[in-house]
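The values are calculated or read from the model by the stated rules, or taken from the named source; none is laboratory data. In this text, all values refer to a predicted model and were calculated from it rather than measured experimentally. No Cβ is skipped: glycine too gets one built from the backbone with ideal geometry, and neighbour counts run over all protein chains shown. These accessible areas exclude ligands, DNA and RNA; they are computed on the full protein's heavy atoms, side chains included. Shrake-Rupley method; radii C 1.70, N 1.55, O 1.52, S 1.80 Å.
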Amino acid sequence: MSLQPRLIPAHEYRRERWRNGFGWTREILRWPEGGDDWDWRLSIAEIEQDGPFSAFPGVERELVLLHGHGVRLRFDDGEVSEVLPPHGRVRFAGERTACGELVDGLTHDFNLMWRRDRVDAELWHRPLVGSMVLFVEPGETWVVHVLSGHAHATGSDARCNAAAGDTLLFPAGATRARFALDGGGEVLVIRLRTRAD
């Protein structure tokens with residue numbers, strides 16, 4: 001059976017309040033889908049005021065600034081991380097106590113979360129100029145979030161067209177799968193790999 005890329009358009013993201021009520025999240029996808037026992041989760045956080053981040057014990061997080069003037073994270077151990085334009089980022093453990101301070105107004109931040117005992121994750125910010133090829137190994141899932149411009153993804157017999165703000169999912173199979181990606185703009189590329197027991 002052939003594997004095909006899946007388009008998740010921005011208008012289908014589900015908007016909900018943070019656990020602690022200090023902001024909003026537009027959930028792109030959680031895997032497995034449905035329920036709270038996910039292995040990994042993608043969302044866009046809308047940080048609208050200074051305040052604490054929700055705690056996620058056992059979870060690793062990576063935050064990438066999408067829009068706004070930035071946010072400063074103050075951790076309870078004294079560390080301070082600034083996530084500044086154009087696409088600043090920070091990676092931290094979900095159980096760390098962190099307080100976010102807005103630099104100058106509302107920000108939108110891409111939020112990747114994964115359970116460290118189940119999944120290994122890597123995230124890259126890349127220009128998309130012309131074509132690239134993704135090889136998805138068994139046990140992996142790749143995700144491409146379009147920051148600007150447009151992207152076209154092709155599997156063995158299907159093509160998905162994504163605009164800025166949309167997300168493309170490249171699923172794992174029983175054998176190595178090849179996908180082509182082309183277009184113009186900037187993307188976040190994420191590789192999620194199931195940990196071997």
### Query
Based on the alpha-carbon gyration tensor of the range 120-197 and its eigenvalue square roots a ≥ b ≥ c, which shape applies: rounded if a/c is under 1.5, prolate if not and a/b is larger than b/c, or oblate?
oblate
### Task
Once you've got the GNM for the chain with C-alpha springs shorter than 10 Å, pick whichever of 180, 121, 45 has the biggest mean-square fluctuation.
180
## Note on the structure
Any GluC sites (Glu not before Pro) in the range 47-82 that lie in a DSSP loop and have at most 12 other Cβ atoms within 10 Å would be 79
### Query
Rounded to a whole number, what % of the accessible area of the chain do carbon and sulfur atoms account for, probe 1.4 Å?
50 percent
### Query
Can you give the accessible area of residue 69 in Å² (nearest 10), computed on protein heavy atoms with a 1.4 Å probe?
110 Å²
### Task
Would you mind counting up the charge near residue 144? Only other residues with Cβ under 12 Å from its Cβ, with Lys and Arg at +1 and Asp and Glu at -1.
0
#### Entry: Accessible area per residue, Å², the range 1-145 with all protein chains present, probe 1.4 Å
48 Å²
### Query
Sorted by accessible area with a 1.4 angstrom probe, largest first, how do 67, 87, 11 fall?
11, 67, 87
### Largest to smallest accessible area among 97, 25 [probe 1.4 Å]
97, 25
#### Entry: Of the trypsin sites (Lys or Arg not before Pro) in the range 4-52, those whose Cβ has at most 14 other Cβ within 10 Å and which sit in DSSP loop
19
### Message
Using the Kirkwood radius over C-alpha pairs as Rh, can you work out the diffusion coefficient of the chain via Stokes-Einstein at 20 °C, viscosity 1.002 mPa s, in µm² per second?
### Response
124 µm²/s
